[in-house]
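Colleague: Have a look at this one.
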Amino acid sequence: MGTPKLHQPVKLFYGVLFSDIETLPCVKERLVAEHGEIDSESEIFDFNFTGYYQKEMGDSIKRIFYSFDELIEPEELSHIKLKSNDIELDYLCDDKRSVNLDPGYITPAKVILASAKDNIQRVYIMNGIYEEITLYYKNNTFNAFDWTFPDYRQSYIPFFNELRKVYVGQIELLKAERK
């Protein structure tokens, strides 16, 4: 019989899709107000892997990632996803989103994304929100599954490898403080 154990805190991040660079500082400020100091920020990537968002956000979509210094409990992700949906509504332009917020978290073994959509690779957590293991860590790097979004398969892996190092350092520091 296994003994239940609490999961260690995880590292929250957001993937932010945007079509107007002038909106980005306001969105970043909102996320900081919600989650505290940003400790890692990716480069800005072109988002041209799917046409899914074009009708709503236009042809020149970009993505940036932010992670936060304060670690969270993994079960907080459903509430964070619901709040991110509310934030998106604040940036509607002519009833179309100008920003899409994709919260997730990282552990030493995986990258998890939150979604309001069910699919075969997603597990229901609560409040209409699902989790998906998007990347797994093996052979000193993150790797993709068959279902992993095309942009996560390659473009973002270096960012997540670096973010994992930051997170592992935070966990080691937490363990040392508890001794």
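Colleague: Quick test for you: out of Ser98, Ser84, pick the one residue that is buried (at least 16 other Cβ atoms within 10 Å of the Cβ), within 17 Å of the chain's Cα centre (by Cα) and among the hydroxyl-bearing types (Ser, Thr, Tyr). Give the derivation first.
Modeller: Values: Ser98 fails: within 17 Å of the chain's Cα centre (by Cα).
Unique residue meeting the criteria: Ser84.
Colleague: Looking at Leu17, Leu6 in this structure, which one is aliphatic (A, V, I, L, M) and closer than 30 Å to Leu173 by Cα?
Modeller: Values: Leu17 fails: closer than 30 Å to Leu173 by Cα.
Of the residues listed, the single one that is aliphatic (A, V, I, L, M) and closer than 30 Å to Leu173 by Cα is Leu6.
Colleague: When you go through Glu73, Glu29, Glu43 one by one, which is the residue that is of a type outside the set (Ser, Thr, Tyr), more than 18 Å from Asp151 (Cβ to Cβ) and in contact with a strand residue (DSSP E or B) (Cβ under 8 Å, 6 or more places away or on another chain)? Steps first, please.
Modeller: On the way: Glu29 fails: in contact with a strand residue (DSSP E or B) (Cβ under 8 Å, 6 or more places away or on another chain); Glu43 fails: more than 18 Å from Asp151 (Cβ to Cβ).
Criteria check complete, one pass: Glu73.
Colleague: Okay, moving on. Give me the residue from the range 35-53 that is modelled with pLDDT under 95 and within 29 Å of Tyr124 (Cβ to Cβ) and, out of that set, nearest to the chain's Cα centre (by Cα).
Modeller: Result: Phe47.
Colleague: Checking the structure you have, find out if any residue of the range 116-125 is within 16 Å of Arg63 (Cβ to Cβ), out of contact with any Pro (no Cβ under 8 Å at 6 or more places or on another chain), of a type in the set (Ser, Thr, Tyr) and surrounded by fewer than 20 Cβ atoms within 10 Å (Cβ to Cβ).
Modeller: Here is the first cut: in the range 116-125, the residues within 16 Å of Arg63 (Cβ to Cβ) are none.
Within the range 116-125 (the criterion being within 16 Å of Arg63 (Cβ to Cβ), out of contact with any Pro (no Cβ under 8 Å at 6 or more places or on another chain), of a type in the set (Ser, Thr, Tyr) and surrounded by fewer than 20 Cβ atoms within 10 Å (Cβ to Cβ)), the answer is no, since none of the residues qualifies.
Colleague: Restricting to the range 79-134, count the residues that are touching a residue at least 40 places away in the same chain (Cβ under 8 Å), under 24 Å from Asp20 (Cβ atoms) and among the polar types (S, T, N, Q).
Modeller: Result for the range 79-134: 3.
The values are calculated or read from the model by the stated rules, or taken from the named source; none is laboratory data. Treat the numbers as computed from the prediction; the structure is a model and nothing was measured. Methodologically, a virtual Cβ is constructed for each residue, glycine included, from the backbone with ideal geometry; neighbour enumeration extends over all protein chains shown.
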